[in-house]
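Reading through the structure tokens given below for one structure.
The values are calculated or read from the model by the stated rules, or taken from the named source; none is laboratory data. These numbers come from a predicted model, not from an experiment. Quick reminder, even Gly has a Cβ in these numbers, built from the backbone with ideal geometry, and neighbours come from all protein chains shown. The area values use the complete protein model at the heavy-atom level, side chains included, leaving out ligands, DNA and RNA. Shrake-Rupley method; radii C 1.70, N 1.55, O 1.52, S 1.80 Å.
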Amino acid sequence: MAILLDSASLDDARAAEKLGFVRGITTNPALMARETKEPLAHLARLLETFPEGPICYQPTQSSLEVMEEEVRAAAALAPGRVVAKLPATLEAVSLATALEKDGARCALTAVYSPAQALLAHEAGCVWIIPYVDRAARHSAGAVVTEQAAILERLDSDTRILAASLKTASQVVQSILDGAHDVTAPLAVLRGLPAHPLTESAVREFAAHWA
């Protein structure tokens, strides 16, 4: 089980590193665009700011040839730490297969179907990344449950990294549904321990001590 930060912000990365329980970072082109116009250089800064654990890098270009060049350059920045995060398309699955054979680590993202999970397994991907909140908003079904079932049937080493998590309850439900790992924005991670009864107990402890 691992909890990752879903952000490309250096400030978020520093804060997540201080939390102690965050094990890595996921990024995507939209998150990168908020921070920089030079994604590979920014990835290098993220690797320095968050010195341990995987960082998922998704190419900013859609052309297969340019995509491959970009993710190979990203992986070369920190072999073993950078995970090439690719959309779950037929072309990207073929690219993931080639990258994995060369020793690169890959993940398929925007995974919504068990068939896509099957292909990720065949390609040797480290993760599949379903978008939980987006799936719920578009009535896409129990994506994590269905993907977990097929990966279990295959006795696969591919893990489910649940993303698009907007609340602490979505984080917990994703794990109950079969996700191995989760990634969420800093605000959601900071909200994981929040509970009104805990806060009430803390106030009572303070009052008794006073």
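Summary table below
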| quantity | calculated |
| --- | --- |
| Per DSSP, loop GluC sites (Glu not before Pro) in the range 51-98 with at most 12 further Cβ within 10 Å | GLU52 |
| Candidate residues ASP6, ASP177, ASP155: accessible-area rank, largest first, probe 1.4 Å | ASP155, ASP177, ASP6 |
| Electrostatic dipole magnitude of the range 94-146 [Cβ: Lys, Arg +1; Asp, Glu -1; Cα centre; debye, to 20] | 140 debye |
| ALA115-ALA149 pseudo-label distance in nm [points 7 Å out on the Cα-to-Cβ vector] | 1.7 nm |
| Residue-level accessible surface for ASP157, protein heavy atoms, 1.4 Å, Å² | 140 Å² |
| Check: the chain dipole with +1 on Lys, Arg Cβ and -1 on Asp, Glu Cβ, in debye | 460 debye |
| For the chain: lysine pairs under 22 Å (alpha-carbon distance), excluding those fewer than 8 apart on one chain | 4 |
| Surface share of carbon and sulfur [accessible, 1.4 angstrom probe, percent] for the range 53-210 | 57 percent |
| Positive dipole terminus of the range 1-130, leading residue within GLY103, SER7, TYR57 (C-beta point charges) | SER7 |
| Probe 1.4 Å, accessible area per residue of the chain, Å² | 52 Å² |
| Amide H contacts of VAL83 (H built 1.01 Å from N, under 5 Å, at least 5 apart or other chain) | ILE55, CYS56, TYR57 |
| Computed over the range 62-174, Kirkwood Rh from alpha-carbon pairs, angstrom | 14.3 Å |
| Amide H partners (placed H, <5 Å) of ARG23, local residues excluded | ILE3, LEU4, LEU5 |
| Most to least accessible of VAL172, VAL126 (protein chains only, probe 1.4 Å) | VAL172, VAL126 |
| Virtual spin-label span in nm between ARG72 and GLU52, 7 Å along Cα→Cβ | 3.3 nm |
| LEU176-ARG190 pseudo-label distance in nm [points 7 Å out on the Cα-to-Cβ vector] | 2.6 nm |
| Residue-wise HN-Hα coupling along the range 32-37, computed from phi with Karplus coefficients 6.51, -1.76, 1.60 (Hz; x: Gly, Pro) | 5, 4, 6, 10, 7, 10 |
| Selection from THR158, VAL126, VAL143 lying farthest towards where the dipole of the range 102-160 points positive, charges on Cβ | VAL143 |
| Charge dipole magnitude, Cβ of K and R +1, D and E -1 - the range 1-73, Cα centre, debye nearest 20 | 220 debye |
| Stretchable slack from GLU38 to ASP11, in nm (0.36 nm times residue separation minus alpha-carbon distance) | 8.0 nm |
